[in-house]
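The values are calculated or read from the model by the stated rules, or taken from the named source; none is laboratory data. Keep in mind that this is a model prediction, so the values were computed, not measured. Glycine gets a Cβ as well: all are built from the backbone with ideal geometry, and neighbour counts include every protein chain shown.
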Amino acid sequence: MARSRAASGATTTFARLRAQHPDAHCELDHHDPFTLLVSVVLSAQTTDVAVNQTTPQLFARWPTAAALATADVAEVEMALNRIGMFRQKARNIVALSRDLVDRHHGQVPRTLEELVALPGVGRKTANVVLGVAFDDPAGVVVDTHVLRLAQRLGWTNRDEPEGVERDLMALFPRDQWDLLGHTIIFHGRRVCTARKPACAACTVNDVCPSAYRADDVGRKPPRARRK
Ligand code: SF4
């Protein structure tokens, strides 16, 4: 089936963004699917840098699901106390470790349905794990950067992550979904930032419908921006 003009235009734009960010990859340090899964859970509303500063000590003490499943939640809280929502995240990573031990032989499952059934794991986290750890994405990772850039680049008109993900899955072939997420996140962090998109330095400013007027496209409304 012939690809639509929109899809081929999006693919061309993506190829140019890939050329601008050839090193795009998951920036969360990890050793295996378990440490990746925990790191992604910890990264909610927290920078990857802050997570990477916390996880070496965490995984030195509790390196596997079996170890973390038996941990005292209060001690895990202390290990996480420099990142946001650390109490809730401590409860979640201990509970998900128990689930991995009880229902998955201590291993990280390889399906979206099984992953999203784990405590603290949503579709975005599951997509990161499936794409990065298993090279088998079930969808496109839609975080705040991907949502904002998909809107700015004219790849979606939607506001909710699930709808944006569906639009991206329709525009791009499956074998591009994983790298699409990493590349767009790199671009969102380094060039097309929420407050000050650097359109003059952007490799796709000749085709982006929001170029030089993107400040209010894809940003959260003012009330949601408050910390
Ligand atoms: S031209 Fe500007 S708004 Fe468009 S993707 Fe590039 S930095 Fe973002």
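Only one of the listed residues (GLY139, GLY106) is in contact with a helix residue (DSSP H, G or I) (Cβ under 8 Å, 6 or more places away or on another chain) and free of Cβ contacts under 8 Å to residues at least 40 places away in the same chain. That residue is GLY139.
Please find, among THR54, THR13, THR35, the residue that is more than 17 Å from the chain's Cα centre (by Cα), over 21 Å from HIS187 (Cα atoms), among the β-branched types (Val, Ile, Thr) and modelled with pLDDT of 95 or more.
So the residue among THR54, THR13, THR35 that is more than 17 Å from the chain's Cα centre (by Cα), over 21 Å from HIS187 (Cα atoms), among the β-branched types (Val, Ile, Thr) and modelled with pLDDT of 95 or more is THR54.
When the range 184-227 is limited to residues that are more than 22 Å from the chain's Cα centre (by Cα), at pLDDT below 95 and part of a helix (DSSP H, G or I), the one that is farthest from the ligand (Cβ to nearest atom) turns out to be ARG223. Residues of the range 190-212 that are closer than 13 Å to ARG148 by Cα and among the charged types (D, E, K, R): ARG195, LYS196. Among the candidates ARG166, ARG158, ARG148, which residue alone is part of a helix (DSSP H, G or I), basic (Lys, Arg), closer than 20 Å to THR13 by Cα and away from the ligand (no atom under 13 Å from the Cβ)? Result of the check over ARG166, ARG158, ARG148: ARG166.
Of the residues ARG166, ARG158, only one is surrounded by fewer than 20 Cβ atoms within 10 Å (Cβ to Cβ), farther than 18 Å from HIS21 by Cα and out of contact with any Gly (no Cβ under 9 Å at 6 or more places or on another chain); which?
Every option except ARG158 fails the conditions.
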